[in-house]
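K.L.:
Please read through the structure below; I'll follow up with questions.
The values are calculated or read from the model by the stated rules, or taken from the named source; none is laboratory data. Please read all numbers here as calculations on a predicted model, not as lab measurements. Note that we place each Cβ from the backbone using ideal geometry, even for glycine, and neighbour counts take in every protein chain shown. Accessible surface areas use protein heavy atoms only, side chains included; no ligands, DNA or RNA. Shrake-Rupley method; radii C 1.70, N 1.55, O 1.52, S 1.80 Å.
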Amino acid sequence: MRIRTVSRLVVAGVLLLTVTTGSAGHRPPPALTLGSVIPAPAEVTPSKSEPFRLTADTVITASGAAGPVADQLAAALRPATGFPLSVRPEGKSTIDLRINTVADPWMGDQGYRLEIGTTAVALRANDPAGLFAGTQTLRQLLPSAIEAITVRDEDWTIPAGVIRDRPRFAYRGAMLDLARHFHPPADVKRYIDELARLKINYLHLHLADDQGWRIEIDGWPRLTTVGGGPGTGVRGIGGGFLTQADYRDLVDYAARRFVTIVPEIDMPGHVNAAQVAYPELTCDGVAPRPRIDIRVGYSSLCVGKEITYRFVEDVVRQLAALTPGPYLHLGGDEAMSTPHADYVAFEQRVLPLVARYGKTAGGWEDIAAAPAATEAVLQYWAVTRDRPAVAAAARAGARVIMSPADRTYLDMQYDLLTPGGLHWAGTIDVPTSYDWDPATWAHGVPPEAVLGVEAPLWSETLRDYGDVEFNAFPRMAAIAELAWSPWSTHDWVSFRDRLGLYGQRWIWRDVHFYRAPEISWS
């Protein structure tokens, strides 16, 4: 016997999913619990009610700004379920809509509330970013086969209960180095897709270094034709670059997944590729030889020449115009060939330049040497917990992104036997990447100065996208949980078990992740 029940899924600030289901007496237990989510939600209240069941009669109803999020959710669920999952605007459905017209201050602009009952699932948020985060949780509460690209015969149930969630840190980032080995836009998009599923909301692109220049700058064509041409990159096998159209497309693609791009041009060091292309950027006007090794610290812009600042301003102005997000990263690390006084003078001149073009300057922790850094975002990458200059800048107003190399650098080997990667900061297994607190890690940095967490992935040894995935996952999931989840939920055993379940989703998506031995992969 078939019975027909009406079920609603309100996803939104608000979106509403409505459903009709079921077979009498057919109630298998859900494959997942309400807490089987990465990153761990802030509050989880399971229910003893029967699960919500997704069927061919499910309808998603959305209003206003919730519409695009509803469309993305439907598109994500259709391939594996084979269900039409039509999206209807509010007011045109015969199903009752529940709209949250009063903002919930607790959720902020990235949090959400997910209520799952037997006949209704309501997802509410104050902002589309929160709705999108909630849909990522919803996807993880369905069986892992939801990631399949062909129709599967599954019982598509979602465990009942309530999740109330918001991020611990506003900035939850990853970095991808396109300079040492160029990774084309299609690969960057695949990485964005994986990051968005883990509620990462910033992707920092390292676009220039000694071995290659990877972004087109009008008026300086040799930056890419020479600095990004064939034979550039580590061992001369990482050539390629982004046109400005490519970059805009990546920015738009990321924005649709609520990921903001942060471009980085490293300076005054790490500039050999630019100086090969334009020798006038050196102090003696002589082009250096191209570098395809992985050494650092040997190049420097000529701080005393005005052409240096014309070059920097052209780059900053164009990247600011291309980038809707709030940050421009100016590097500043490992400038061992720049005398200290010159380094400070350079940063004092170029950091305020970013604000002139409407952005907030970011830089590696080294820029804390300059007084102007108190208006910037500092990226803490040291393997020591003591950086007095960073602590002083933070107390004076600078914000800090935590990226300690011995915890977050995804290009470090898992152990000395894993292929690829480096180990200058040590080896980083999954427990090491998970078991630290970003808010208290750097001595002397007030917790309220910590803007967030970022996991950099340098590409000296990463020749293709498979290498990117192998080094990033599963450790990126650990960083994502540190960045999103409240410290009160921090628990290695819980994370380990949830990660073991999540691995099935990577398998369905054909992600080349490392099967870390400390995880029981299901």
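K.L.:
Determine whether the range 285-292 contains at least one residue that is under 24 Å from residue 177 (Cβ atoms), at pLDDT 95 or above and under 24 Å from the mean Cα position of the chain (by Cα).
P.N.:
no
K.L.:
Is there a residue in the range 285-306 that is part of a helix (DSSP H, G or I) and surrounded by fewer than 24 Cβ atoms within 10 Å (Cβ to Cβ)?
P.N.:
Yes.
K.L.:
Tally up the residues in the range 338-360 that are more than 20 Å from residue 382 (Cβ to Cβ) and among the hydroxyl-bearing types (Ser, Thr, Tyr), please.
P.N.:
The qualifying residues number 2.
K.L.:
Okay, moving on. Within the range 376-414, work out how many residues are open to solvent by 10 Å² or more (accessible area, probe 1.4 Å), closer than 15 Å to residue 454 by Cβ, part of a loop (DSSP other than H, G, I, E, B) and acidic (Asp, Glu).
P.N.:
Number satisfying all stated conditions: 0.
K.L.:
What helices (runs of 4 or more DSSP H) lie completely within the range 439-522 and have 3 or more residues being surrounded by fewer than 16 Cβ atoms within 10 Å (Cβ to Cβ) and over 15 Å from the mean Cα position of the chain (by Cα)? Before you say what the answer is, go through the steps one by one.
P.N.:
Numbers: elements: 465-472, 475-484, 492-508.
Here the list reads 492-508.
K.L.:
Can you list residue pairs whose Cβ atoms sit under 7 Å apart, with the first residue in the range 483-512 being within 29 Å of residue 148 (Cβ to Cβ) and the second being of a type in the set (Lys, Arg)? Count only pairs 6 or more apart in sequence or on different chains.
P.N.:
Taking only residues 6 or more apart or on different chains, the pairs are 483/168; 483/172; 484/168; 484/172; 484/199; 485/168.
K.L.:
For the range 206-223, enumerate the residues that are without any contact (Cβ under 8 Å) to a residue 40 or more places away in the chain and either surrounded by 17 or more Cβ atoms within 10 Å (Cβ to Cβ) or among the basic types (Lys, Arg) (or both).
P.N.:
First pass over the range 206-223, keeping only residues without any contact (Cβ under 8 Å) to a residue 40 or more places away in the chain: 214, 216, 221.
214, 216, listed by residue number.
K.L.:
Buried (at least 23 other Cβ atoms within 10 Å of the Cβ) and within 17 Å of the chain's Cα centre (by Cα): which single residue out of 170, 133, 129 fits that description? Step through it out loud before you land on a result.
P.N.:
Values: 170 fails: buried (at least 23 other Cβ atoms within 10 Å of the Cβ); 129 fails: buried (at least 23 other Cβ atoms within 10 Å of the Cβ).
Among 170, 133, 129, only 133 is buried (at least 23 other Cβ atoms within 10 Å of the Cβ) and within 17 Å of the chain's Cα centre (by Cα).
K.L.:
I would also like to ask the following. Return the total of residues in the range 264-294 being in contact (Cβ under 8 Å) with a residue 24 or more places away in the chain and under 30 Å from residue 411 (Cα atoms).
P.N.:
Total meeting the criteria: 19.
K.L.:
Can you report the number of residues in the range 158-179 which are touching a helix residue (DSSP H, G or I) at 6+ places or on another chain (Cβ under 9 Å) and either more than 24 Å from residue 433 (Cα to Cα) or modelled with pLDDT under 95 (or both)?
P.N.:
5
K.L.:
Looking at the range 50-61, is at least one residue at pLDDT 90 or above, among the hydrophobic types (A, V, I, L, M, F, W, C) and surrounded by 14 or more Cβ atoms within 10 Å (Cβ to Cβ)?
P.N.:
yes
K.L.:
Cβ-Cβ distance below 7 Å, separation of 6 or more or different chains: which pairs start in the range 436-456 with a residue that is within 19 Å of residue 476 (Cβ to Cβ) and end on one that is surrounded by fewer than 18 Cβ atoms within 10 Å (Cβ to Cβ) and not aliphatic (A, V, I, L, M)?
P.N.:
Cβ pairs passing all conditions: 437/487; 441/385.
K.L.:
Tally the residues that are surrounded by fewer than 17 Cβ atoms within 10 Å (Cβ to Cβ) and not hydroxyl-bearing (Ser, Thr, Tyr), restricting the search to the range 423-438.
P.N.:
Matching residues across the range 423-438 total 6.
K.L.:
Looking at 358, 332 in this structure, which one is surrounded by 23 or more Cβ atoms within 10 Å (Cβ to Cβ) and not in a helix (DSSP H, G or I)?
P.N.:
332
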